[in-house]
Amino acid sequence: MSKVVIIGAGGVGRVVAYKCAQAKEIFTDIVLASRTASKCEQIARDIHQDVGVSIKTDQVDADHVDQVVTLFKKHQPRLVINLALPYQDLTIMDACLESGVHYLDTANYEPPEEAKFEYSWQWAYQDRFKEAGLLAVLGCGFDPGVTSIFTARAAKHHFDEMHYLDIVDCNAGDHGKAFATNFNPEINIREVTQKGKYYENGKWRYTEPHTVKRMLDYPNIGSRASYLIYHEELESLVKNFPTLKRARFWMTFGDEYLTHLRVIQNIGMASIEPVMFEGKEIIPLQFLKAVLPDPGSLGENYDGETSIGCRIRGLKDGKEKTYYIYNNCKHQQAFEETRAQGVSFTTGVPAMVGAMMVLTEQWSGKGVFNVEEFDPDPFLDKLAHYGLSWHEMENINLEMD
Ligand SMILES: NC(=O)c1ccc[n+]([C@@H]2O[C@H](COP(=O)([O-])OP(=O)(O)OC[C@H]3O[C@@H](n4cnc5c(N)ncnc54)[C@H](OP(=O)(O)O)[C@@H]3O)[C@@H](O)[C@H]2O)c1
C-alpha cells in the first residue's frame, strides 16, 4: 500500500525497520538508507533472517538536500522516517518539500555548532508544508513522542484542566560498562550537560546542571535518584496545553554515570568547540564518541528495564485529581526481538506507529505538527499492540509538590 524511506541505520533505525517489516500490510515497500551503506545491509540481512521480510537498502549523506532528493526520486516514498541525527532534520525537510514527501522524526533540529534544542527552526516550515499539502510530524519517539501523547490522552480523557506536569524517565538497566550512553553519545551528552530548565507560571526557569534532585519511586523498579533536566517536549506541551502552570522533566542518573560525566566535562572532552589535534581541527565531543561504546552494541548484556511516564495534577469535574500514565520496557525483551537495547526500542516502536498513523490517515493535516496535536487513542492502541504496553493510575501520591 505504501512505500516508506527510513534514513539512519543506528539503534533506532534498526528497530523501526524491524517494526515496519512486521507490519508489511501497511509498509509494503521499505527502503533503509544511511551514510554507511554496510550498516543498512547488515540490518536488512538480520530482518530477513528474523522476520522473513526483504527490505531495500541505499546510501545517502543527508547533510546534502540534493542527495536526499535523488534518493526520493529513485524510490518515490510517501513518507520519510528520519532517524539520522538532529543535524539532518532541516535538509531532509527541504528535500520533502522539493519531492512531495511526508516527514516524521524523533528529535528536534540542533545546529551542530551550538547545543540548543528548540522547535523554532522546524516550526518555521509550517507555511511551506501547508502550501505543499504535506504533513510533517515532529518528535515521534518516546520522549518526545509517547510522553507527549500520554499528556494528550490525559487532556482528552482524564482532566478538564491540567495544571502540573512532571515527565519522569528512569533507565534502571545495567549494560555492564563503566560508562556508555544509550543513544548517540554526541547528542546524548549535549542533552544531559545542558542547564536544567522548566516552565512555571508562564516563564522558563533555569537551574545549574544536575543540582535539583529528588528520589522518585518507579513501578516495578523502586526508588531512584532523579534529576531535573530540560527536554524538548516541554516547549510544545506548554504551548499546546496552555492551562499548565508548571511542566518539568526528570531523568534518573547513577552516581557512577554522573562522576564520569563530570570528569568528561572537567577535562574538556564534552566541548563542541574545535581544537587543533596533530595539525587538524577536531571537535572533542566527536572524538569522545569514537572511543565510547557503540550504543547499538549494548543490547546483548543489557539487563533491567526502563520506566517512562507522565505524572499530572489538575481538575476534573471541579475536583483536584492526580494521574500517572507510564510504560515499562525490558532491555532483554527488546534485544530478543530486534537485536537492539531498550532505549532504541522505546524510540523506534512509536516512530513506526506514528508512520502507520500517517499512512493510514488516522493522523492527517497539512503543515508541521507536534504529536500531541493528533488523536492519541488510535496511536496508543497500536503502541501496545507492537510491544509497548502502558498503564494508568489515578488519585495516587505523585511524590511532587
Ligand atoms: N525521542 C526519543 O525518545 C529519542 C530517543 C533516543 C534517540 N532519539 C533520536 O533518534 C535518532 C537516532 O538515534 P540512534 O541512537 O539510532 O543514533 P545512532 O545509533 O548514532 O544512529 C544514527 C544514524 O544516522 C546516520 N547518519 C548520521 N549522519 C548522517 C547523514 N549525514 N546522512 C545519513 N545518515 C546519517 C548514522 O550513520 P553512520 O553510521 O554513517 O554514522 C547512523 O546510522 C537521533 O536523532 C536521536 O536524537 C530520539
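Would you be able to say whether some residue in segment 28-37 is surrounded by 16 or more Cβ atoms within 10 Å (Cβ to Cβ), in contact with a His (Cβ under 7 Å, 6 or more places away or on another chain) and under 20 Å from L97 (Cβ atoms)? Yes, because at least one residue in segment 28-37 is surrounded by 16 or more Cβ atoms within 10 Å (Cβ to Cβ), in contact with a His (Cβ under 7 Å, 6 or more places away or on another chain) and under 20 Å from L97 (Cβ atoms). Could you say whether any residue in segment 323-338 is out of contact with any His (no Cβ under 6 Å at 6 or more places or on another chain) and part of a loop (DSSP other than H, G, I, E, B)? The answer is no; no qualifying residue exists. Residues in segment 376-401 that are surrounded by fewer than 15 Cβ atoms within 10 Å (Cβ to Cβ), modelled with pLDDT of 95 or more and among the charged types (D, E, K, R): D377, D381, E392, E394. Is segment 194-210 home to any residue that is within 16 Å of the ligand (Cβ to nearest atom) and within 16 Å of E232 (Cβ to Cβ)? Yes, because at least one residue in segment 194-210 is within 16 Å of the ligand (Cβ to nearest atom) and within 16 Å of E232 (Cβ to Cβ). Of the residues G100, G173, G141, G145, the single one that is in contact with a helix residue (DSSP H, G or I) (Cβ under 8 Å, 6 or more places away or on another chain) and away from the ligand (no atom under 16 Å from the Cβ) is G100.
Of all residues being of a type in the set (A, V, I, L, M) and over 18 Å from H163 (Cα atoms) in segment 231-268, which is surrounded by the fewest Cβ atoms within 10 Å (Cβ to Cβ)? Just the residue, please. Spell out the reasoning first.
Step one: of segment 231-268, the residues of a type in the set (A, V, I, L, M) are 234, 237-238, 244, 247, 251, 258, 261, 263-264, 267.
The next check asks that each one be over 18 Å from H163 (Cα atoms); those that pass are 251, 258, 261, 263-264, 267.
Details: M251: 20, L258: 15, L261: 19, V263: 12, I264: 19, I267: 10.
Once the filter is applied, the top-ranked residue is I267.
Take the residues in segment 38-54 that are away from the ligand (no atom under 15 Å from the Cβ) and among the aliphatic types (A, V, I, L, M); name whichever of them is nearest to K3 (Cα to Cα).
Initial filter on segment 38-54 (away from the ligand (no atom under 15 Å from the Cβ)): 45, 47-54.
If we keep only those that are among the aliphatic types (A, V, I, L, M) as well, we get 47, 51, 53.
Details: I47: 17, V51: 18, V53: 14 Å.
Going through the qualifying residues, I end up with V53.
Scoring D317 on the criteria (1) more than 23 Å from K156 (Cβ to Cβ); (2) out of contact with any Lys or Arg (no Cβ under 7 Å at 6 or more places or on another chain) leaves a single failure, condition (1). Taking every residue in segment 132-147 that is under 13 Å from A351 (Cα atoms) and modelled with pLDDT under 95 and pairing it with any residue that is more than 6 Å from the ligand (Cβ to nearest atom) and part of a loop (DSSP other than H, G, I, E, B), at least 6 positions away or on another chain, yields no pair with a Cβ-Cβ distance below 8 Å.
Scanning segment 115-131 for residues that are part of a loop (DSSP other than H, G, I, E, B), more than 21 Å from Y198 (Cβ to Cβ) and touching a residue at least 40 places away in the same chain (Cβ under 8 Å) gives a single hit, Y125.
Applying the criterion of being surrounded by fewer than 19 Cβ atoms within 10 Å (Cβ to Cβ) and more than 16 Å from the ligand (Cβ to nearest atom) to the residues of segment 57-81, the residue that is farthest from R14 (Cα to Cα) is K73.
Within segment 179-191, the set of residues being at pLDDT 90 or above and more than 9 Å from the ligand (Cβ to nearest atom) comprises F179, A180, I189. Taking each residue of segment 189-200 that is outside any helix (DSSP H, G or I) and looking for partners that are among the small types (G, A, S) with beta-carbon atoms closer than 9 Å, six or more apart or interchain, yields T193/A115; T193/A270; Q194/A115; Y198/A247; Y199/A247; E200/A247.
Each residue in segment 304-341 was checked for being within 30 Å of P293 (Cβ to Cβ), touching a strand residue (DSSP E or B) at 6+ places or on another chain (Cβ under 7 Å) and of a type in the set (F, W, Y), and 1 of them qualify.
All of (1) within 30 Å of R224 (Cα to Cα); (2) of a type in the set (A, V, I, L, M, F, W, C); (3) exposed (fewer than 14 other Cβ atoms within 10 Å of the Cβ) hold for C310 with one exception: (3). Among residues belonging to segment 335-349 that are of a type in the set (G, A, S) and near the ligand (Cβ under 10 Å from one of its atoms), point out the one that is surrounded by the fewest Cβ atoms within 10 Å (Cβ to Cβ). For segment 335-349, the residue satisfying everything is A340.
The combined condition, being within 23 Å of the chain's Cα centre (by Cα) and within 15 Å of the ligand (Cβ to nearest atom), is not fulfilled by Y125.
A quick yes/no check of all residues on (1) within 16 Å of the ligand (Cβ to nearest atom); (2) assigned by TED's automatic domain parsing to the domain that holds H158; (3) over 25 Å from F345 (Cα atoms); (4) without any contact (Cβ under 8 Å) to a residue 12 or more places away in the chain:
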| position | (1), (2), (3), (4) |
| --- | --- |
| E235 | yes, yes, no, no |
| H260 | no, yes, yes, no |
| A290 | yes, yes, no, yes |
| R311 | no, yes, no, no |
| E320 | no, yes, yes, yes |
| Y324 | no, yes, no, no |
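The values are calculated or read from the model by the stated rules, or taken from the named source; none is laboratory data. Predicted model, so just to flag it, every value in this text is computed and none were measured. Glycine also receives a Cβ, built like all others from the backbone with ideal geometry; neighbour counts cover every protein chain displayed.
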